[in-house]
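What follows is a single structure, written as structure tokens, with notes after it.
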Amino acid sequence: MSETITNDTATQYQAPADLLKEKVILITGAGDGIGRVAAKTFAAHGATVILLGRTVPKLEAVYDEIEAAGGAKPAILPVDLSEVRWEELEYLAQGVDQEFGRLDGLLHNAGVLGQRTPMANYHYATWQQVMQINVNAAFGLTKAMLPLLEESKAGSVIFTGSGVGLKGRAYWGAYAVSKFATEGMMQTLADEVDGVSNIRVNSINPGATRTNMRAVAYPAEDPASVTTPEDIMPTYLYLMGDDSVGVNGKQFNAQG
Ligand code: NAP
């Protein structure tokens, strides 16, 4: 990380109310957990948000909450990333172009946990599904959206990592491996765009955050003792807004 931009720059960021005015931002997994709160937070800071997810009623609930709060009219993209084909992703990008004519931000947030078990017992089909949703779909969506992001004055791509994607841990299986791959994808793309594009690419490790995924991974934990998605939003806002222009290829820990 450069001398002036530290992890604290992001975690302690205080976003102006209109930070994301006139920006169009796509969030995957926008119907629940961190993605839901990120979508609402981006909208509250002026963005038009595109809500991508697999459970339409959840996306509709987020849509309604954003409209009720006076946010710009969102869009809903019902997509199951476990099944999505390349042609569909290209079609989605065409749809975003036709509807909005631009894309300024892409938050890869959707993810699945898979099994918590030794690799010797890990189901092959589950392994493939985790890699498909957490890695392959994020690659495909990025590739499809890159031409639109290139047209933005300052396009921001954020990948979502994890502590187990920075240091491997027993029994985290495909999830840990997928998050290592996610950091690799972030670094590879960041190096490709460096100095030749207005796009910047970074990753956020949310840290332990109070969501369904966390509750499944740690069933004995009291959810009330865990940081809320709202608490980690400064890092998301910092990286999505123009105050982070020039920050590229960095891994951030949203809880410091
Ligand atoms: P979550 O509450 O389980 O939410 C995950 C979101 O991804 C949901 O909206 C879910 O949709 C969506 N999703 C899952 N499979 C999908 C598919 N096949 N197609 C489309 N959307 C799909 O999890 P979270 O805790 O908010 O996690 C968000 C991100 O943060 C993930 O990448 C996770 O790995 C990462 N993370 C979380 C923590 C934590 O402590 N919570 C820590 C480190 C990293 P449905 O609601 O319809 O299932």
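The table that follows gives values for the structure above.
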read-out: Within the stretch 108-189, trypsin sites (Lys or Arg not before Pro) in DSSP loop having at most 15 other beta-carbon neighbours inside 10 Å; value: 116, 153, 167, 169
read-out: Length gained when the stretch residue 222-residue 82 is fully extended (0.36 nm per residue, less Cα-Cα span); value: 47.4 nm
read-out: Reachable aspartates and glutamates, given that their alpha-carbon falls under 20 Å from the alpha-carbon of residue 58 and they are not under 8 places away in the same chain; value: 32, 67, 80, 83, 230
read-out: Accessible area of residue 180 in the full protein assembly, 1.4 Å probe (Å², nearest 10); value: 100
read-out: Under the Karplus curve 6.51 cos²θ - 1.76 cosθ + 1.60, θ = phi - 60°, whole-Hz ³J(HN,Hα) for the stretch 182-197, x wherever Gly or Pro sits; value: 5, 4, x, 5, 4, 5, 5, 5, 4, 5, 5, 8, 4, x, 10, 8
read-out: Residue (of 59, 74, 130) at the positive-pole extreme of the chain, dipole from beta-carbon charges; value: 130
read-out: Three principal axis lengths of the stretch 22-116 [C-alpha, angstrom, descending]; value: 39, 31, 20
read-out: Positive-pole candidate from 193, 238, 178, dipole of the stretch 150-256, charges at beta carbon; value: 178
read-out: Calculated from backbone phi, Karplus (6.51, -1.76, 1.60) coupling profile of the stretch 223-229 in Hz, x at Gly/Pro; value: x, 5, 8, 9, 4, 8, x
read-out: Equivalent-ellipsoid semi-axes of the chain, from the Cα gyration tensor, Å, largest first; value: 26, 20, 20
read-out: Cβ-derived FRET efficiency at R0 41 Å, residue 120 paired with residue 18, nearest 0.05; value: 0.20
read-out: Volume per residue that the Cα convex hull of the stretch 51-192 spans, once the total is divided by residue count, Å³; value: 128
read-out: Straight-distance crosslink candidates among lysines, where the alpha carbon sits under 16 Å from residue 153 and sequence neighbours closer than 8 are dropped; value: 21, 23
read-out: Which of 108, 123 is most accessible, then next, and so on - probe 1.4 Å; value: 123, 108
read-out: Diffusion coefficient, µm² s⁻¹, Stokes-Einstein with Kirkwood Rh over alpha-carbon pairs of the stretch 118-251 at 4 °C and 1.567 mPa s; value: 80
read-out: Relative contact order (%) - criterion: Cα under 8 Å, at least six apart; region: the chain; value: 22
read-out: Trypsin sites (Lys or Arg not before Pro) restricted to DSSP loop in the stretch 187-256 with at most 11 other C-beta within 10 Å; value: none
read-out: Surface per residue (accessible, 1.4 Å probe) for the chain, Å²; value: 46
read-out: Estimated 222 nm signal from helices in the chain, with DSSP H stretches of n ≥ 4 weighted -39500 (n - 2.57), rounded to 500; value: -12500 deg cm²/dmol
read-out: List 124, 218, ordered by accessible area with a 1.4 Å probe, largest first; value: 124, 218
read-out: Fraction of accessible area attributable to carbon and sulfur, the stretch 2-244 (%, probe 1.4 Å); value: 50
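The values are calculated or read from the model by the stated rules, or taken from the named source; none is laboratory data. Note that this is a predicted model, so its numbers are computed, not measured. Glycine gets a Cβ as well: all are built from the backbone with ideal geometry, and neighbour counts include every protein chain shown. Protein only, heavy atoms only, side chains kept; ligands, DNA and RNA dropped before computing areas. Shrake-Rupley method; radii C 1.70, N 1.55, O 1.52, S 1.80 Å.
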